[in-house]
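All remarks here apply to the structure that follows.
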Amino acid sequence: MADPILSIRGLKKSFGALTATDDVSLDLFPGEIHALIGPNGAGKSTLIKQIVGEIRPNEGTIRFEGQVIDRLDAAARARLGLARSFQVSSVIPDFTVLQNVMLAVAGADGHVFRFHRPALSDRTLTEPARFHIAHAGLSGREGTRASVLSHGERRKLEIAMALALRPRAFLLDEPMAGMGLEGAKQLTAILSDLRSEAPILLVEHDMDAVFALADRISVLVYGRIIATGSVAEIRANPEVRRSYLGEEA
Amino acid sequence: MNRDLIVNLVIFALLVAVALGAHVAGQGFTVTLATKAAILGLAGVGLNLALGYGGLVSFGHAAFFGIGGYVTGIFASHAANGDPILTLPFTLMGSNEMLGIWPMAMLAAALAALLIGALSLRTSGVYFIMVTLAFAQMIYYFAISWPRYGGEDGLSFYVRNSFPGLNTFDPIQYFAICAGLLALALLFTAVVTQSRFGLALQATRQNEQRSTAVGIRATPVRLTAFVLSAMITALAGALYADLNRFVSPSMFSWHMSGEIMVFVILGGVGRLCGPVAGAAVFILLEHLLGPVSDHWQALLGLMLLAIVLFAPGGLIGLTLKALRRTEHG
């Protein structure tokens, strides 16, 4: 197999007596969707936060495209192409759709300290932004303020912003949360398409989406990965069924 | 272009019209009032960059206003008595030239803002407010206990500094200088807030986590805005010193910080000409009601309360809303 894009080894994080991440190792390979599932409180969000650099692990190493990124802060990791979406949609509310994506383009190219040229007439910002907006299926909404977008549209805006980072890997934290049936279907199609841009580490509760999308699944319980494997393997794994899928083995 | 621009231009034009009208009518005092409005408006324009666009509620901008004032006072008084300001590490003589003093005032404020900002930006919310206030108060007490430059009594200088080609003693000519700088500062703010930097600054105000997730570090962006903001407010302080030919520690006091904040909130937070409108209304009230009652600020307080509760867009926001209604209705 090819070298992993993202490689996590021996990650540990505890808050006082609580071990939130217990010796976690996992890989994200090019072209795959790797789903991370687990019951509430299993430490999925804590793990994501350590990967993006929001909190520091106590032990362990994270490699991104072969480079150790343990010492980089969240902004630097984002600029390397580690694109993240949030559990609760997170956009700049008073900006238009176009401005939101322009911000991501500007953040990715690292040229934030430019003071005189109006951003809206800077085609090195607007053109890529429009392209990513179209790619995420939001054409025609460029001038709409993000705060008035529907929930589904805001999800698409987050994807457009992630695309603008010229991502090498996506970290999507429960993208299906709060989506209706139709919206979830649409988003599943978009995510399946996104895989060709960069591999996806997908944290998700919606099992239909996970089973439809994932190439591999890792199951996190009490901060520890109890199993990693294909959809079929995970479905058949007795320990997973007992501790997560809620069945008697 | 759009309604915002028109409202901004009208506010600036009104200020100029008042000064010109008073000049023609021979009312020098009213020209001076308009000059004061332009200067205090400029101080507010500075704060607005940090507070309005960056969400940095600085309760210590009097520090920069006062630094601008004291740099002016110190240069002018040394120019009068001929003693150098510094002999080590280099000799620095006093000066009467505004064009030489302004850059010094802005540089001094920029250095102070760099230090204050670097420390205060480690905190946020109410702690940021308190840390900026604490720094301004430190400078205030320092100024009070510095007898070299007048201590508690402040520092007078008898000749207004000069500007090439103009007679700065003529009220309308001094107004022209102040209004010109105000216009430049407004233009600067308009350009900067629409640039990439402005985009980043406003994004960090609204959603820091999201800004970080697209690769933008909030602290350097905020520190830059804080320093630029301080420089503009220091320039206002320099003009204020020349207007009165007097500086005193009260320029550093927390009342001053509060007043500058009132201009911004009254006019409209994050609105380009908001602080100008706010300062003009403040001075108008002070002038009209001050002689009637010492308690005129109670009315100001009520106005401020009404604005914060019912019209967070300030006077400019109200005006824009009214315009929109007439257009649609």
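Any read-out appearing in this document is the output of simple, stated calculations on the displayed coordinates, not a laboratory observation. For clarity, every value in this text was computed on a predicted model and none was experimentally measured. Cβ: placed from backbone, ideal geometry, glycine included. Neighbour counts: every protein chain shown.
Average 1/r across all pairs of distinct alpha carbons in chain B, invert it, and you get the Kirkwood radius: 20.3 Å. In terms of surrounding Cβ atoms within a 10 Å radius of their Cβ, B:HIS295, A:HIS111 rank from fewest to most as B:HIS295, A:HIS111. Beta-bridge orientation, the protein assembly as shown: approximately 60 percent antiparallel, per DSSP, counting only bridges with both partners inside. Legend: translational diffusion of segment B:103-146 by Stokes-Einstein, Rh = Kirkwood radius over C-alpha pairs, 20 °C, 1.002 mPa s; D = 191 µm²/s. Over the protein assembly as shown, the hull volume per residue, using the convex hull of the C-alpha atoms, is 200 Å³. Note on chain A: Cα-only Rg and Dmax are 18.4, 66 Å.
Across segment A:124-174, what fraction of all alpha-carbon pairs, as a whole percent, falls in each successive 10 Å bin from zero upward? With a bin width of 10 Å, the distribution comes to 25, 56, 19, 0.
Ordering B:GLU208, A:GLU182, A:GLU65 from the fewest to the most neighbouring beta carbons within 10 Å gives A:GLU182, A:GLU65, B:GLU208. Let's test this: bin the Cα-Cα distances of segment A:200-249 at 10 Å from zero up to the farthest pair and state each bin's percent. Once binned at 10 Å, the Cα pair distances of segment A:200-249 give 25, 62, 12, 0.
Taking the number of Cβ atoms within 10 Å of each Cβ as an exposure proxy, the fewest-first ranking of B:SER195, B:SER250 is B:SER250, B:SER195. Span-like helix criteria (full DSSP H runs; alpha carbon extent of at least 24 Å along the helix axis; mean Kyte-Doolittle hydropathy of at least 1.6) are satisfied in chain B by B:3-24, B:98-120, B:126-144, B:171-194.
Taking the Cα atoms of segment B:39-114, the ratio Rg/Rh between the radius of gyration and the Kirkwood radius comes to 1.06. For chain B, the mean residue ellipticity at 222 nm estimated from helices alone is -24000 deg cm²/dmol, where every DSSP H run of n ≥ 4 contributes -39500 (n - 2.57) and the total is divided by all residues, rounded to the nearest 500. Normalised by 2.2 N^0.38 Å, with N the number of residues, the alpha-carbon radius of gyration of segment A:50-148 equals 1.25. For chain B, modelled as a GNM whose springs connect Cα atoms under 10 angstrom apart, the maximal fluctuation among B:GLY274, B:GLY60, B:GLY215 occurs at B:GLY215. The Cβ shell under 12 Å around A:LYS12 holds other residues with a net charge of +1, Lys and Arg each +1, Asp and Glu each -1.
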